[in-house]
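Below is one structure; the comments refer to it alone.
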Amino acid sequence: MSNKELENKIAESKLGGGKKRIDAQHNKGKLTARERLEILLDTNSFEEIGGLVTHRSTNFGLDKTKFLGDGVVTGYGTVNGRLIYVYSQDFTVLGGSLAEAHAEKICKIMELAMKNGVPIIGLNDSGGARIQEGVVSLGGYADIFYNNTKASGLVPQLSAIMGPCAGGAVYSPALTDFILMTKNTSYMFVTGPNVVKTVTNEEVSAEELGGADTHMIKSGVTHFACENELETIKNLKKLISYIPQNCEEIPENLHYEFKDEKRLKLNSVVPKNPNQPYEIREVINQLSDPDSFFEVHKEFAENIVVGFSRLAGRSIGVVANQPSVMAGVLDVDASVKGARFVRFCDAFNIPLLVLEDVPGFLPGTDQEWNGIISNGAKLLYAFCEATVPRITVITRKAYGGAYDVMNSKHIGADMNFAWPTAEIAVMGAKGAAEIIFKKEISSAKDPVKKLKEKQEEYATMFANPYNAASRGYVDEVILPSDTREKLIKAFKISENKKVSPIKKKHGNIPL
């Protein structure tokens, strides 16, 4: 093949499915596979691998046209100077459908990423398995799933859903660390609306069944629901800035100029009324470097807040109860959300900050029947297993078993601070008084007055941080305004923390 013929071949592969199909893609508000890569990666940094690969099947008319690349663009490049392996499915070529050669290209990228300790970003836009190729398409998916699992905890894996992702295709993103979806143009489901209608007689649209808002708010499958593709790519780039290249590195510490680190606003953030809610994000933003908090799973299980932040330039993971939603109780969804985030941070050496204001686990038949016991245990297991630096600040309530679960000293937290407003007890003062002093209250001339008296007695004795501090369960009771300074120092002294793993194959997390 002459150089000219080779140049023509390469140019042809970069046209995807041709101008008409690209125009159709644009009319749907979607970028093409290559346009997405141009925006994601640094200018002129992309190096393509497998651009001349074509499909191998000749059945059902596939022998008549050969598309170079077989519906997926693969290669590597840099994001803000950091090496990234990437694949971008091309919906303009056979609907981005996955088959033997397509899958092999993706697996090759994943294997290179694992060998070189580099993150993987997948831009998903596919109609699913290529039915003309039969079982080899299914085998291709399984090969990808196997590589997803091997890469899990070794290198970060990020999935952006830019179009359809249905059937078996959904399980590769589900095995990765974070999923980002684009509103109105992307969807994920195991079975589509037509199958749902046939089997269950339920009428539902693709958007309602598996759109970005559905998976952000109801299922929790996606971690970010973005307004458009540009925002999706912007969030991909931001997300990668908080995490390291692989499990053996630590996140990059940004340069930080130390100033007055006191935050006086924190002294008044917790209301005097212990039953009055407040916004935990105000606390997070006061403790974090300016504009550095990047929330994950924002609209799912809103009674717990998780996300990445920076503290004096250091990347940290934040897990915080949210008093303004359901009083910050832990339920099934919040437990799973928190556990997943804790395990990711631990896998990639990102220290954890826990802000605790939790009145307990949510009671009720719905929670019990949906497994609050085993799901709550997931969060407990995740914290117990984590070996990264772990610091807890108790801002107000720390009641019952939830006190133990939220990174208490007893399960391996490195440093535990409490504000003077902290209440560390088995339960709230009112409930405790009703149990302990039941006979005394019921026999009193004025039961209401007696209950209030006994409630205050219990609160004075237990609803404070000083009993816990006297036993070493809390390292220091601090003024809220001093919290940022204390955290900066605590994370600094913990940065060389080493924990020797117990020799075993792996634990058995209550899944």
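Compactness check for the chain: Cα Rg over 2.2 N^0.38 Å is 1.12. If r is the Cβ-Cβ distance from Glu203 to Trp369 and R0 is 25 Å, what FRET efficiency results, to the nearest 0.05? Computed FRET efficiency for Glu203 and Trp369: 0.35.
Partners of Lys438 within straight-line reach, counting lysines whose Cα lies under 21 Å from its Cα and excluding those fewer than 8 residues away in the same chain: Lys430, Lys449, Lys450, Lys452, Lys454.
Distance between the 7 Å Cα→Cβ label points at Lys449 and Glu249: 7.1 nm. Most simply put, the chain has about 35% antiparallel DSSP beta bridges, counting only bridges with both residues inside it. Take every Cα pair under 8 Å whose residues are at least 6 apart in sequence, average their separation, divide by the length of region 283-338, and the relative contact order is 30 percent. Rounded to the nearest 500, the 222 nm mean residue ellipticity of the chain from helices alone is -10500 deg cm²/dmol, with -39,500 (n - 2.57) taken per DSSP H run of at least 4 residues. Label point of Ser57 set 7 angstrom out along Cα-Cβ; within region 99-115, amide nitrogens under 18 Å from it belong to 99-107. Taking a straight Cα-Cα cut-off under 17 Å and skipping sequence neighbours fewer than 8 places away in the same chain, the aspartates and glutamates within cross-link reach of Lys504 are Glu385.
Here's how it looks for Leu355: its modeled amide H is under 5 Å from those of Val319, Ala320, Asn321, Val393, which are all 5 or more places away or on a different chain.
For Thr191, nonlocal amide neighbours, meaning residues 5 or more places apart or on other chains whose placed amide H falls under 5 Å from its own, are Gly167.
Of the trypsin sites (Lys or Arg not before Pro) found in region 176-260, the ones in coil according to DSSP and having at most 12 other Cβ atoms within 10 Å of their Cβ are Lys259. From most to least packed by mean Cβ count within 10 Å, the peptides 434-442, 66-74 give 66-74, 434-442. Compared with the alpha-carbon gap, the fully stretched path from Val426 to Lys497 is longer by 22.4 nm at 0.36 nm per residue. Is there a pair in Lys218/Lys409; Lys237/Lys337; Lys298/Lys492; Lys237/Lys492; Lys237/Lys409 whose C-alpha atoms are over 24 Å apart, and which pairs would that be? From the list (Lys218/Lys409; Lys237/Lys337; Lys298/Lys492; Lys237/Lys492; Lys237/Lys409), the Cα-Cα distance tops 24 Å for Lys218/Lys409; Lys298/Lys492; Lys237/Lys492; Lys237/Lys409. Ranked by the mean number of other Cβ atoms within 10 Å per residue, highest first, peptides 414-421, 112-119, 39-46 order as 414-421, 112-119, 39-46.
Put simply, when 104-110, 465-471 are sorted by average Cβ atoms within 10 angstrom per residue, most first, you get 104-110, 465-471.
As a length-normalised measure over Cα pairs under 8 Å and 6 or more apart, the relative contact order of region 338-436 settles at 32 percent.
Working from Cα positions, state the angle (0 to 90°, nearest 10) between the long axis of helix 372-385 and the longest principal axis of the chain. Relative to the chain, helix 372-385 is tipped by roughly 90 degrees.
To the nearest ten degrees, helix 3-13 and the longest principal axis of the Cα atoms of the chain are 50 degrees apart.
The stretch between Val190 and Lys66 holds 41.7 nm of extra length on full extension. This uses 0.36 nm per residue minus the Cα-Cα distance.
Our coupling estimate for region 316-326, obtained by passing each phi through the Karplus curve with A = 6.51, B = -1.76, C = 1.60 and θ = phi - 60°, is 9, x, 10, 10, 9, 5, 10, x, 7, 10, 6 Hz, Gly and Pro reported as x.
Quick note: the coordinates plus some simple rules give every number you see, no bench work behind them. The shown structure was predicted, so the numbers you read here are calculated from the model rather than taken from an experiment. Positions of Cβ are generated from backbone atoms using ideal geometry, with glycine treated the same way; all protein chains shown enter the neighbour counts.
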